[in-house]
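The values are calculated or read from the model by the stated rules, or taken from the named source; none is laboratory data. Keep in mind that this is a model prediction, so the values were computed, not measured. All Cβ positions, glycine included, derive from the backbone under ideal geometry; neighbour counts span all protein chains shown. Side chains included, ligands, DNA and RNA excluded: accessible areas come from the protein's heavy atoms. Shrake-Rupley method; radii C 1.70, N 1.55, O 1.52, S 1.80 Å.
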Amino acid sequence: MSNRGEGVNWPLDESDEHGSRKTTGTVKKVWISAVENASKSLAEKVANEKKWRQNYHHIVNEIICEQAKDKQNALSIAENGLKEVYNQFTFIRDGKELLLKDAMETYTEDLFESVEFSGSSKPKSIDFGITVAELKDLAEKSEIEPDVADSMKVVLENSESFIETLKDTWFVLLGSTSELCPLKKLLELGLNVVAISRPSPKRQAKVIQLAKESSGKLIVPVRKVADKSKETSEICGADVTVDTPELRTWLLSLKKDKRLVIGSYIYLDGAAHVLASCAMDAIVKDLVDKRPGTALAYLMSPSTVYPIPAA
């Protein structure tokens with residue numbers, strides 16, 4: 001069960017007279033919608049599972065195997081699942097509740113402006129922590145795929161020229177103070193960063209100081225109505241799950257002549273992480289649709305598995 005205030009929300013459970021927002025029913029609806037066109041039996045298995053929290057991983061594994069059968073299955077299951085997400089999750093603003101997809105169209109006000117900082121240090125060289133010989137050894141031991149070693153070899157041998165090609169790109173970090181977000185590394189390499197994280201004078205001051213001590217550039221969002229007599233760290237920041245539509249509007253207008261790379265790095269516990277993921281996807285979706293050339297980046301996990309088509 002998950003009850004929260006403003007922003008992205010789990011939908012109300014219409015069968016509950018207390019107006020609770022239960023997560024399991026919504027999750028099952030999404031998985032059913034995702035897979036029912038590809039496999040009726042799997043959709044029925046999701047619907048009939050009584051101990052979802054204990055057994056969902058077995059069923060999800062079967063769904064992934066169904067996706068891996070061919071390209072059409074992979075795409076349709078993902079697309080149908082996302083479509084149902086937008087038919088389920090809601091957004092609350094001033095007591096009014098809309099579907100998240102409708103809120104993104106309704107709340108388009110330009111609430112944020114940019115404050116930019118530039119560092120004065122020299123860019124740091126990249127330390128990958130591995131050599132070409134070590135990569136080759138890992139590939140020979142089948143600990144990594146041979147093409148991974150080949151690709152990393154190209155990166156290792158051409159890192160400086162690769163970095164140079166990114167000097168005109170702006171990296172938008174959703175969840176810039178998350179533990180595994182590459183904020184510090186990007187700034188050290190002399191690259192351009194848009195840092196979005198919740199308001200917190202202490203944390204925002206650290207972000208700004210990182211930028212000033214680096215060779216990169218930093219942009220943070222500040223509400224137009226904020227008291228500009230205060231330090232930027234005291235007034236900057238935004239909550240991705242609450243300011244979702246307005247952050248999208250701000251990013252659409254930001255550095256229009258530059259390429260954006262949108263990184264989704266927020267990581268929270270349990271039901272809150274699902275809401276953050278929905279908010280990030282809503283922002284990403286509009287930016288990809290309305291700013292051609294926008295690239296995406298996501299937090300990698302050693303437990304993530306990527307099916308590779310047979311040669």
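Tally Lys and Arg at +1 and Asp and Glu at -1 over the other residues with C-beta under 9 Å from the C-beta of Ala34: what net charge comes out? Don't skip to the answer; put the middle values down first.
On the way: positive: Lys83; negative: Glu36, Glu79, Glu84.
With Lys, Arg at +1 and Asp, Glu at -1, the neighbours total -2.
Per the 1.4 Å probe, what fraction of the accessible area of the range 87-173, in percent, lies on carbon and sulfur atoms? If you can, show how the numbers build up before the last one.
Working: 2770 of 5620 Å².
Carbon plus sulfur share of accessible area: 49 percent.
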XL table Lys69/Lys141; Lys122/Lys185; Lys124/Lys217; Cα-Cα > 18 Å flagged, in table order, is Lys69/Lys141
With the 8 Å Cα cutoff and a minimum separation of six or more residues, the chain has a relative contact order in percent of 18
Computed on Cα atoms, Rg of the range 147-245 relative to 2.2 N^0.38 Å comes out at 1.26
As straight-line cross-link partners of Lys22, the qualifying lysines (C-alpha separation under 24 Å, not fewer than 8 residues apart within one chain) are Lys45, Lys50, Lys51, Lys83, Lys96, Lys101
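How high is the relative contact order of the range 62-172? Use alpha-carbon pairs under 8 Å, at least six apart in sequence, and give a whole percent.
Values: 45 pairs, mean separation 12.0, N = 111.
That works out to 11 percent.
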In deg cm²/dmol, rounded to the nearest 500, the helical mean residue ellipticity at 222 nm of the chain, built from -39500 (n - 2.57) for every DSSP H run of length 4 or more, is -14000 deg cm²/dmol
For Lys206, the aspartates and glutamates lying under 18 Å Cα to Cα, once residues fewer than eight places off in the same chain are dropped, come out as Glu116, Glu179, Glu188, Glu231, Glu234, Asp239
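Show Phe117, Phe162 ordered by accessible area, largest first, where the area counts protein heavy atoms only and the probe is 1.4 Å. Don't jump to the answer; show the numbers that get you there.
Details: Phe117 30, Phe162 85 Å².
The most accessible residue leads, giving Phe162, Phe117.
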Ignoring ligands and nucleic acids, Glu164 exposes an accessible area, probe 1.4 Å, in Å² to the nearest 10, of 120
Using a 1.4 Å probe on heavy atoms of the protein chains only, the accessible area for Trp10 in Å², nearest 10, reads 0
Taking a ≥ b ≥ c as the square roots of the Cα gyration tensor eigenvalues, with a/c under 1.5 meaning rounded and otherwise prolate when a/b beats b/c or oblate if not, the range 92-171 comes out oblate
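With Cβ to Cβ distances under 10 Å as the rule, what net charge do the other residues near Gly293 carry (K, R +1; D, E -1)?
Numbers: positive: Lys258, Arg259, Arg291; negative: none.
In short, +3.
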On each of the three principal axes the extent of the alpha-carbon atoms of the range 224-296, given in whole Å and largest first, is 38, 36, 17
Cross-link reach from Lys202 to lysines, straight Cα distance under 17 Å and at least 8 residues apart if same chain, gives Lys184, Lys212, Lys230
